[in-house]
Amino acid sequence: MTGFDAFGGQALNPSWLAVQALHGRRIAGHRIVSARIPTVFGTALEHLQTLMMAHRPTLVVCVGQAGGRAALSLERVAINLIDARIADNALAQPVDEPVVAGGPAAYFSTLPVKAMRVALQRQGLAAEVSQTAGTFVCNQVFYGLMHFLATQRGWRRVRGGFIHVPWLPEQGTPSMPLEGIVHGLRLAVRVALTTSQDLRIAAGQTH
């Protein structure tokens, strides 16, 4: 699992605090390895791929902050586009660039996002299947992860995806307490590790 460092003038990033809390825990027979990656275009993806080669995971779940969202957002699709509204932590602000030149327009998550949503909601946690991961570093990492899994030899059976988490209460509203985020991520990972076939239920959006 990966989370990001703080960006955009924030003092913290709940994505890293939450995955850090899960580091070393065992879920469904698997040990969680958590790492922080920088909110920097290109570098974040390089760090992720280095981690993957070092640990050879069964499952890869990248987590990012989405201020303004009130729910745990189980991202469904990553697009081959970078269009930065703000600069990253290296002050880069690329506009209308591909994540991978010549790559597919999009990749879908291989996580059982609908089953994950149902499990989270049954525990009283706000959760949604999201159809957009944005066009900032989070989406670049998500797309880059799925491209790597789809194109690199020996990685096709590894499942991967991305989850956006809300702000913490001290960052603003809407928000979710850190304990709720940690609980939700732990449950989401358990479902991903134990569910081979996603549910076929409606989870789309009308806007």
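Of the helices (runs of 4 or more DSSP H) lying entirely inside segment 99-207, those containing at least 2 residues that are closer than 30 Å to A87 by Cα and modelled with pLDDT of 95 or more are 137-151, 178-194.
Based on this model, can you work out whether V158 counts as within 19 Å of H55 (Cβ to Cβ), β-branched (V, I, T) and either within 18 Å of the chain's Cα centre (by Cα) or crowded, with 24+ Cβ neighbours inside 10 Å (or both)? Considered against the rule, which asks whether it is within 19 Å of H55 (Cβ to Cβ), β-branched (V, I, T) and either within 18 Å of the chain's Cα centre (by Cα) or crowded, with 24+ Cβ neighbours inside 10 Å (or both), V158 comes out as yes. Listed by first and then second residue, the pairs linking a residue in segment 101-127 that is among the small types (G, A, S) to a residue that is in a helix (DSSP H, G or I) and open to solvent by 30 Å² or more (accessible area, probe 1.4 Å), with Cβ atoms under 6 Å apart and 6 or more places separating them unless they lie on different chains, are G103/H147; A119/L187; A127/R117; A127/Q121. Filtering L59, L91 for residues that are surrounded by 17 or more Cβ atoms within 10 Å (Cβ to Cβ) and either of a type outside the set (G, A, S) or more than 15 Å from the chain's Cα centre (by Cα) (or both) leaves a single hit, L59. Taking the listed residues R36, R85, R26, R76, the one that is farther than 20 Å from T132 by Cα, open to solvent by 60 Å² or more (accessible area, probe 1.4 Å) and touching a residue at least 24 places away in the same chain (Cβ under 8 Å) is R36, with no other qualifying.
The values are calculated or read from the model by the stated rules, or taken from the named source; none is laboratory data. Fair warning: this is a prediction, and the values are worked out from it, not measured in the lab. All Cβ positions, glycine included, derive from the backbone under ideal geometry; neighbour counts span all protein chains shown. What goes into the accessible areas is simple: the full protein's heavy atoms, side chains included, and nothing from ligands, DNA or RNA. Shrake-Rupley method; radii C 1.70, N 1.55, O 1.52, S 1.80 Å.
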